[in-house]
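Note sheet for the following structure.
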Amino acid sequence: MAHTPRKRFGQNFLHDHNIIYNIISSIQAMPDQHWVEIGPGQGALTEPLLNEKVRLDVVELDRDLVVLLREKFKHYPKLQIHSADALKFDFSALADEGKKLRIIGNLPYNISTPLMFHLLDNAYCIEDMHFMLQKEVVDRICASPGSKKYGRLSVMMQYYCLAELLFYVPPESFDPMPQVTSAIVRLVPHQQPPVAVNDISKLNRVVTQAFSQRRKTLRNSLKKLIDEEEIVALGIDPTLRAESITLAEFARLSNLLQDL
Ligand code: SAH
């Protein structure tokens, strides 16, 4: 049964066997690991993963695809198919005590950012995550201070995890072809926070504020949140722009913020 790709579900199915092979080689799936695939689609990554003898849960939103997957993989007892919205799915409920989840997904690009943050809310039960995303988004996640791509997404993602670009994937690797180049990113949640943050929502607030007017100096962009003298007292130059502030510096700034 042929499935017509649905744009509203961000369906771009992988059909390039070299890319699929490269993804499977770089994730190093081992028998009995517990994997979760988000948006399995027609199973382009599901099948090779199952062949690695892993335990696998998949979460798919499109009910027609769920029917197709149930039929295609009915002889795989280690596969559980969840007909659900990954944005609302409780991933922590899948994890058995003491055994972390490994996550993979060729994500629908329109929900990739909220989905990553949803998963990171449960970072304690996640070993690592491999995602296919827009190249542009991966570049932003991995960017360092001083780069034009460095922004809120870089700081917040790097607070939660070690982010590494693995390789780029051209539009021709998908059917239908997306407009943009894609990339595979590896995200490994930190076991210990890399910097001391008292309250993540305060970090989020200060970073969002600083980058909302990224051409302004901190002195100006953070005016409503923190006095210039306080910034100076932290050893941070208030005439700098957000783009040159490190995660450690943002953490120190956030720890100054009052409760709302
Ligand atoms: N992994 C497959 C499909 C990628 S297309 C492949 O590489 O070929 C993205 C997939 O995510 C589609 O199957 C789409 O139906 C599914 N999807 C879209 N939004 C979703 C959501 N909110 N929760 C779970 N799956 C979703």
> Looking at region 57-96, which of the residues that are open to solvent by 30 Å² or more (accessible area, probe 1.4 Å) and in contact with a Lys or Arg (Cβ under 7 Å, 6 or more places away or on another chain) is farthest from ARG8 (Cα to Cα)?
Replying inline: LYS78
>> Restricting to region 104-114, and then to whatever is hydrophobic (A, V, I, L, M, F, W, C) and surrounded by 21 or more Cβ atoms within 10 Å (Cβ to Cβ), can you tell me which residue is farthest from the ligand (Cβ to nearest atom)?
In response: ILE104
> Just one of the numbered conditions (1) over 28 Å from ARG6 (Cα atoms); (2) assigned by TED's automatic domain parsing to the domain that holds ASN106; (3) in contact with a helix residue (DSSP H, G or I) (Cβ under 8 Å, 6 or more places away or on another chain) is not true of VAL195; which one?
Replying inline: (2)
> So, in region 1-27, of the ones that are closer than 16 Å to PHE131 by Cα and of a type in the set (A, V, I, L, M, F, W, C), which residue ends up farthest from the ligand (Cβ to nearest atom)?
Replying inline: ILE27
> Any residue at all in region 151-162 that is out of contact with any helix residue (DSSP H, G or I) (no Cβ under 7 Å at 6 or more places or on another chain), outside any loop (DSSP other than H, G, I, E, B) and open to solvent by 60 Å² or more (accessible area, probe 1.4 Å)?
Replying inline: yes
>> Tell me whether region 62-83 contains one or more residues that are within 15 Å of the ligand (Cβ to nearest atom), closer than 21 Å to MET132 by Cα and within 18 Å of the chain's Cα centre (by Cα).
In response: no
>> Quick check on GLU136: is it open to solvent by 80 Å² or more (accessible area, probe 1.4 Å) and closer than 21 Å to ILE23 by Cα?
In response: yes
>> With the requirement that a residue be assigned to a loop (DSSP other than H, G, I, E, B) and either hydroxyl-bearing (Ser, Thr, Tyr) or open to solvent by less than 30 Å² (accessible area, probe 1.4 Å) (or both), what does region 32-56 give you?
In response: GLY39, PRO40, GLY41, GLY43, LEU45, VAL54
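Per-residue answers, yes or no, for (1) modelled with pLDDT of 95 or more; (2) over 24 Å from LEU133 (Cβ atoms); (3) surrounded by 15 or more Cβ atoms within 10 Å (Cβ to Cβ); (4) among the aliphatic types (A, V, I, L, M):
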position	(1), (2), (3), (4)
VAL169	yes, no, yes, yes
PHE174	yes, no, yes, no
SER182	yes, no, yes, no
SER221	yes, yes, yes, no
> What are the pairs, 6+ residues apart or on separate chains, where a residue within region 1-28 that is closer than 17 Å to ILE184 by Cα and outside the structural domain of GLN134 (by TED's automatic domain parsing) has its Cβ under 6 Å from a residue that is open to solvent by 70 Å² or more (accessible area, probe 1.4 Å) and of a type in the set (Phe, Trp, Tyr)?
Replying inline: none
>> Go through (1) touching a Ser or Thr at 6+ places or on another chain (Cβ under 8 Å); (2) among the basic types (Lys, Arg); (3) in contact (Cβ under 8 Å) with a residue 60 or more places away in the chain for LYS148 and report which single condition fails.
In response: (1)
> If you take the residues in region 172-230 that are of a type outside the set (A, V, I, L, M) and in a strand (DSSP E or B), which one is farthest from ARG252 (Cα to Cα)?
Replying inline: ASP175
> Which condition number in (1) out of contact with any Phe, Trp or Tyr (no Cβ under 9 Å at 6 or more places or on another chain); (2) open to solvent by 50 Å² or more (accessible area, probe 1.4 Å); (3) at pLDDT below 95 is the one that ALA233 fails?
Replying inline: (3)
> Residues of region 70-91 being of a type in the set (Gly, Ala, Ser) and part of a loop (DSSP other than H, G, I, E, B), which ones?
Replying inline: ALA84, ALA86
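The values are calculated or read from the model by the stated rules, or taken from the named source; none is laboratory data. Everything numeric here is computed off the predicted structure, so don't read it as measured data. For neighbour counting, all protein chains shown are included, and Cβ atoms are generated from backbone atoms with ideal geometry for every residue, glycine included. Remember, those area values only see protein heavy atoms, side chains included, never the ligands or the DNA or RNA. Shrake-Rupley method; radii C 1.70, N 1.55, O 1.52, S 1.80 Å.
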